[in-house]
1. With the crude spin-label approximation of a point 7 Å out along Cα→Cβ, what separation in nm comes out for Lys119 versus Lys41?
2. Between Glu237 and Phe74, what length in nm is gained on full extension when 0.36 nm per residue of separation is reduced by their alpha carbon distance?
3. For Lys4, Lys239, Lys37, Lys68, what's the largest-to-smallest order of accessible area, 1.4 Å probe?
4. Pulled fully out, how much extra length does the chain show between Glu208 and Asp195, if you take 0.36 nm times their separation in residues and subtract their Cα-Cα distance?
5. Name the long-range amide H neighbours of Val29: under 5 Å, sequence gap of 5 or more, or other chain; modelled H, no Pro or chain starts.
6. What is the extension gain from Thr134 to Asn246, computed as 0.36 nm multiplied by their sequence separation minus the C-alpha to C-alpha distance, in nm to one decimal?
7. Heavy-atom accessible area of Glu212 with all protein chains present, probe 1.4 Å, nearest 10 Å²?
8. Do you know the relative contact order of the stretch 130-251, to the nearest whole percent, from alpha carbon pairs under 8 angstrom that are 6+ apart?
Amino acid sequence: MLAKRIIPCLDVRGGRVVKGVNFVNIKDVGDPVEIAKMYEKQGADELVFLDITASHEERRTVIDVVEKTAREVFMPLTVGGGIRTTDDFFNLLRAGADKISINSTAIKDETLISRAADKFGSQCVVVAIDAKKTENGFHVYINGGRIDTGIDAIKWARRAYELGAGEILLTSMDTDGTKDGFDLELTQSVCNVVDIPVIASGGCGKIEHFSELFMRTNADAALAASVFHYGELSVGEVKRDMAKNNISVRI
């Protein structure tokens, strides 16, 4: 059995790691390289950088961050935010990223998934899906969760897989920020229709939520931000608790 992965997520703006609540009250919290080194020391399996400005003008700054981080840490790096072309993939992969995450752009032009997979390999292509439950099932939302596309999230996950995505980064908008636990129904629904790893995101607030996710769904990884950033939990603590629950994990 493959070890389950624990993945911290860092929001990056202007070359710095920032925190905010509902995208407001954003505060600078540190240097991404130093924070990445801290998480690697704690035993994080991977790290996700999200460029929250996601503008063309900021792209060079994010590339610099990736280059500096890749020189200092050895865990895989995934970068997302504002990726629009295969050239964006190329530039970030060349800078040291291992995977590239695309979200809204993939919805607007699904051929980007297949073109990037053909050019760089499926293992580099992560399709991020922000999903919310509606009276008509789970829908995909884009533009930071502001626009309901009306697209069925489960069917879209399957489509992304068929187009060549190597991984699904699945965020539940219903549980995100609640700290009540991951969305188990949504996560397992996606796991049921794809044969690629699924990363669950949104809702983690307690150490037991990680083990609950892996015992009750087929998710391959858990992504979390605030519980790690605010020092409520460390990656090491989470992994030791998972091991106690007989969940395969790299310690």
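1. Inter-label distance under the simple model: 3.8 nm.
2. Values: separation 163, 0.36 × 163 = 58.68 nm, distance 2.07 nm.
Extra length available between Glu237 and Phe74 comes to 56.6 nm.
3. On the way: Lys4 30, Lys239 5, Lys37 75, Lys68 110 Å².
Of Lys4, Lys239, Lys37, Lys68, the descending order of accessible area is Lys68, Lys37, Lys4, Lys239.
4. Details: separation 13, 0.36 × 13 = 4.68 nm, distance 2.63 nm.
2.1 nm is the gain from fully extending Glu208 to Asp195.
5. Val17, Val18, Lys19
6. Values: separation 112, 0.36 × 112 = 40.32 nm, distance 3.51 nm.
Here the answer is 36.8 nm.
7. Its heavy atoms expose roughly 60 Å² to the probe.
8. On the way: 204 pairs, mean separation 22.6, N = 122.
Once normalised by length, the contact order is 18 percent.
The values are calculated or read from the model by the stated rules, or taken from the named source; none is laboratory data. What you see is a predicted model; the values in this text were computed from it and never measured. Note that we place each Cβ from the backbone using ideal geometry, even for glycine, and neighbour counts take in every protein chain shown. Protein only, heavy atoms only, side chains kept; ligands, DNA and RNA dropped before computing areas. Shrake-Rupley method; radii C 1.70, N 1.55, O 1.52, S 1.80 Å.
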